[in-house]
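The values are calculated or read from the model by the stated rules, or taken from the named source; none is laboratory data. The model shown is predicted, which means the values in this text are computed figures rather than measured ones. Reconstructed Cβ throughout: ideal geometry from the backbone, glycine too, with neighbour counts over all protein chains shown. Heads up: the accessible areas ignore ligands, DNA and RNA and are worked out on the full protein's heavy atoms, side chains in. Shrake-Rupley method; radii C 1.70, N 1.55, O 1.52, S 1.80 Å.
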Amino acid sequence: MKNRKLPSLAGLCTYEEASRVGYSVDRNVELLKRYNYVKTRLVDIISKHMNRTPEWEVKGAFSLHIWLDAEHSQLIRKRVAEMREPPLQLDKVPTDELKIFLNEVLHSDCTLELLVGIYDVVRSYLLNALKRHLAETNPLVDQPTCRLLTLIISEEEKMLEWGRQAIEILSEDEEQSRRSVLWKEHLELFLAAAFGISGTEEQVVSSLPLARSEKPFELNLVPQRDERFTDIFNNFDYPDQAYKDETLDPKERTWALLFKRIREMDVPEMMCSIIAQTPGKPWEYYVDMCRQIWDEVRHSMMGEVAFVHKGIDWTKLPIRINWSYELNTLLTPLERHAILYDVEFGLMPGDIGKKFELEVVKKSGYGLAITFQDHDWADEVLHAQIGRKWFVKEMKDHHAALELAQQAYKKIAFARPTYPIEQENWWNDFMQSVSHISLADEKLV
Ligand SMILES: [Fe+2]
Ligand SMILES: [Fe+2]
């Protein structure tokens, strides 16, 4: 009979694999809750380190990874809820030891230590635990968990790969490298005291070193940028006007928009400060905020890619930090969110917002910039929705939301410091330097 040869068990596994006793529902839930705790703490740790981390490439990867971690937590929470588990207690700390281990990671005090903590220790051991879970649970009866684990494992592997490459580069400094090896050993002892990520890895830890987290973590929300960035307080805002100016060459207006894109580096800095200081929201709030953080970094990367594509050293541009610096240091998290909402809302009208920006770059004929602005517009529509979903709801209505933004602008105007500017009106020099570069040389696919 032909049908005897059809693949069985929906192609998931063999009869032998499906005969594995595997994990009980309770054991699954216990493990998933531990992974979920690790994921929620990674979101917390990254949000608290975004501003104090100077390297742009690290901020970029953190922005992708914080969103993936938030999404993974969301998926795990959903799976736990499917497993006979009310009350869910998804924000309960599994054990004090696991909490202390992750507190220690939070207390990393330079980029290399932080990367070693997040990637070489947390993600590396988490990946092992996830793989073991996948290999041991029953692939048929626990298929929804297996699907979830497979997805998380594939994304964790990519995150870990980035982390290992970054650690290798930063370890070229011998003194830093030596300190990071000691830090890794320090963290591994605290992880062993928590019986590993799974809570079942029994290891003898005779004594633990002094925990750095005995002292409270000092949140530093002043945005740091690495030494490539100079003139970081340059608030000369001509590019903000130039792209709107119908009398200018579309090429100049497109350069102005590409500069506006790369300058979005400050949005993840500001948004991470909101998350870092806004605990206790429904998890979906953090998922949405982290998604927006990653989108804003992609917008900045759009500018970065376009400048690289045209052979321009973007690090010479005065990419300012005034906005994130002022919002992070002068406003409450809610006031910051009000300004974010006001900005995003202002991007929606067709005659001045994202639709208009797309029309401007279309006139330049630069296909890459057209693709970028097209996607940027789509992302911003999502951000306006996120603003309505969380911020307007909290403020009760749209007018109250905009009113708080106006108050926040006034607060900033009153307290704004005087900034040292190195490159006065740098735009003319920049335009001179790119005058030989053609933009209309790409075709839209
Ligand atoms: Fe953006
Ligand atoms: Fe946005």
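Couple of notes before you dig in:
- About the Cα centre, charge dipole magnitude for the range 1-154 (Lys/Arg +1, Asp/Glu -1 at Cβ), debye: 760
- Note on the chain: GNM, Cα springs under 10 Å; of ARG164, ARG228, ARG41, the largest mean-square fluctuation is that of ARG228.
- Cα long-axis angle, helix 25-49 against the chain (0 to 90 degrees, to the nearest 10): 30
- FRET E, pair ASP109, ILE169, Förster distance 30 Å, beta-carbon r, rounded to 0.05: 0.95
- Dipole-positive endmost among LEU102, TYR15, MET50 within the range 1-136 (Cβ charges, Cα centre): TYR15
- Euclidean distance between Cα centres, the range 232-267 to the range 96-149, Å: 42
- Residue among TRP67, LEU149, PRO239 farthest towards the positive dipole end of the chain, charges placed on Cβ: LEU149
- Cα gyration tensor shape for the range 341-382, rounded if a/c is under 1.5, else prolate or oblate: oblate
- Comparing LEU208, GLY303, GLY350 along the charge dipole axis of the chain, the residue lying farthest to the positive side is GLY350, per the Cβ-charge model.
- Think of each Lys and Arg Cβ as +1 and each Asp and Glu Cβ as -1; about the Cα centre, that makes the dipole of the range 92-165 roughly 260 debye.
- Each 20 Å bin from zero up to the one holding the largest Cα-Cα distance in the chain carries the following percent of pairs: 22, 50, 25, 3, 0.
- Probing with 1.4 Å while keeping every protein chain in the model, the per residue accessible area of the range 1-73 equals 46 Å².
- Summing charges over neighbours of PHE356, with a neighbour being any other residue whose Cβ is under 14 Å away from its Cβ, gives -2 when K and R count +1 and D and E count -1.
- Taken about its Cα centre, the chain carries a charge dipole of roughly 1500 debye when the Cβ of each Lys and Arg holds +1 and the Cβ of each Asp and Glu holds -1.
- Two-decimal log10 I(q)/I(0) for the range 1-160, as the Debye equation yields it once each C-alpha is a single scatterer, q = 0.12 Å⁻¹: -0.58
- Relative contact order for the range 216-288, counting Cα pairs under 8 Å that sit 6 or more residues apart, in percent: 23
- The GLU161 and ASN425 beta-carbon pair, evaluated with R₀ = 35 Å, returns a calculated FRET efficiency of approximately 0.20.
- Max mean-square fluctuation residue, GNM over the chain, Cα-Cα springs under 10 Å, options GLU16, GLU188, GLU161: GLU16
- Lys-Lys pairs in the range 122-259 that are eight or more residues apart or on separate chains and whose Cα atoms lie under 30 Å of each other come to 4.
- Using just its DSSP H runs of length 4 or more, each adding -39500 (n - 2.57), the chain gives a mean residue ellipticity at 222 nm of -19500 deg cm²/dmol after division by all residues.
- Between 0 and 90 degrees, the angle of helix 143-170 with respect to the longest Cα principal axis of the chain falls at about 60 degrees.
- With every protein chain in place, the range 1-80: carbon and sulfur % of accessible area (1.4 Å): 56
- Helix 124-136 vs. the chain, principal-axis angle (Cα, 0 to 90°, nearest 10): 50
- Full-extension gain in nm, PHE356 to ALA81, via 0.36 nm per residue minus C-alpha separation: 94.6 nm
- For the range 28-114, pairs of C-alpha atoms spaced more than 23 angstrom apart make up 29 percent of the total.
- Set of aspartates and glutamates with alpha-carbon distance to LYS393 below 20 Å, sequence-local pairs under 8 removed: GLU284, ASP288, GLU335, ASP342, GLU344, GLU380, GLU403
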